[in-house]
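A short write-up of the structure that comes next.
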Amino acid sequence: MRIPADYHPKDGLLAGKHILVTGAGDGIGRCAALTYARYGATVLLLGRSGHKLEAVYDAIETAGGQRPAIIEMDFASASEEAYASLAAGLTQAFPHLDGLLHNAGLLGDRHPIQSSGYATWCDVMQVNVNAQFLLTRHLLPHLQQAPRASILLTSSSLGRAGRAYWGAYAVSKFATEGFMQVLADELENTSNIRVNSLNPRATRTAMRRQAFPAEDPVKIPTPEDIMPAYLFLMGEDSAGITGKAFDAR
Ligand SMILES: NC(=O)c1ccc[n+]([C@@H]2O[C@H](COP(=O)([O-])OP(=O)(O)OC[C@H]3O[C@@H](n4cnc5c(N)ncnc54)[C@H](OP(=O)(O)O)[C@@H]3O)[C@@H](O)[C@H]2O)c1
């Protein structure tokens, strides 16, 4: 699915909302965090590199946005207890959580399945799949406190059609789509939480450069170019839409 072609987010679209963005220190997540703050949200910046999160924090403050929060967490090594204590801390600090953008991702290696290393396979699954489960599971009670919350999962074209040599990454994105469908179905009639997936498609970031080093980056859309989809699916304009797989453009 696509967002409406003529979509123009209104100023203050996210005012009063608390939105957690994973992988907020770089790439698409950084841009989404800055954009959500620009549209009025208080953004909870989660990532594994403190210095990158601090730079995003400073940029939001300089731009006059709501004061963000920093949550330093490495999905590759965090225990389930760390997710539980994160959720407890957030519940104390914020009365409700209105949005959760699962954006952090790991590319892993591109090899045939036969020569894929098990350790790398597990790392990719831990960051791209298991972390989504743990974070969602522990934050659901907090999301249920919001009048209408949005959970947005980051997919990929590789999560919709398998391709040779994309091993763990592609499988992790299929899992993301499956997680989205199961969760959306569970919550549709029992909560005010909507759950959708979004495929950014080719976007000019470090991950894209790593995956396609010979590509001319200038020809690739920037994270800013795809922010209308991130705003539409996080804000009230998508109220009532759940269980859908979107493309950002
Ligand atoms: N760019 C594209 O063309 C494209 C296309 C389809 C889908 N996607 C998806 O879009 C999402 C964002 O990708 P991107 O292109 O913006 O990638 P990126 O520039 O590599 O950024 C990925 C973010 O995830 C964080 N991250 C990685 N491992 C982590 C861990 N163990 N714990 C916590 N955070 C971790 C990174 O933190 P550090 O900065 O500290 O490393 C970084 O902030 C990903 O889910 C990706 O699969 C991207």
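Number of residues in region 15-34 that are within 18 Å of residue 149 (Cα to Cα) and not in a strand (DSSP E or B): the value is 5. Taken together, 95, 9 contain a single residue that is more than 10 Å from the ligand (Cβ to nearest atom), at pLDDT below 95 and of a type outside the set (Gly, Ala, Ser), which is 95. Here is a list: 3, 28. Which entry is surrounded by 12 or more Cβ atoms within 10 Å (Cβ to Cβ), in contact (Cβ under 8 Å) with a residue 24 or more places away in the chain, more than 22 Å from residue 89 (Cα to Cα) and near the ligand (Cβ under 10 Å from one of its atoms)? Sole residue among the options that is surrounded by 12 or more Cβ atoms within 10 Å (Cβ to Cβ), in contact (Cβ under 8 Å) with a residue 24 or more places away in the chain, more than 22 Å from residue 89 (Cα to Cα) and near the ligand (Cβ under 10 Å from one of its atoms): 28.
A quick yes/no check of all residues on (1) closer than 22 Å to residue 35 by Cα; (2) surrounded by fewer than 19 Cβ atoms within 10 Å (Cβ to Cβ); (3) near the ligand (Cβ under 9 Å from one of its atoms); (4) among the hydroxyl-bearing types (Ser, Thr, Tyr):
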site	(1), (2), (3), (4)
101	yes, no, no, no
104	yes, no, yes, no
108	no, no, no, no
112	no, yes, no, no
126	no, yes, yes, no
143	yes, no, no, no
156	yes, no, yes, yes
163	no, yes, no, no
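Looking at region 59-92, which of the residues that are more than 16 Å from the ligand (Cβ to nearest atom) and either over 24 Å from residue 145 (Cα atoms) or among the aromatic types (Phe, Trp, Tyr) (or both) is surrounded by the most Cβ atoms within 10 Å (Cβ to Cβ)? Checking each candidate, the answer is 61. Looking only at region 39-52, decide whether some residue is of a type outside the set (S, T, N, Q), out of contact with any Asp or Glu (no Cβ under 6 Å at 6 or more places or on another chain) and part of a helix (DSSP H, G or I). Among the residues of region 39-52, at least one is of a type outside the set (S, T, N, Q), out of contact with any Asp or Glu (no Cβ under 6 Å at 6 or more places or on another chain) and part of a helix (DSSP H, G or I), which makes the answer yes.
Within region 40-58, the set of residues being farther than 30 Å from residue 124 by Cβ and either at pLDDT below 95 or within 13 Å of the ligand (Cβ to nearest atom) (or both) is empty. There is no residue in region 113-123 that is touching a residue at least 24 places away in the same chain (Cβ under 8 Å), among the polar types (S, T, N, Q) and under 26 Å from residue 40 (Cα atoms).
The values are calculated or read from the model by the stated rules, or taken from the named source; none is laboratory data. Computed from a predicted model, the values in this text were never measured in an experiment. Ideal geometry is used to build each Cβ from the backbone, glycine not excepted, and the neighbour counts take in all protein chains shown.
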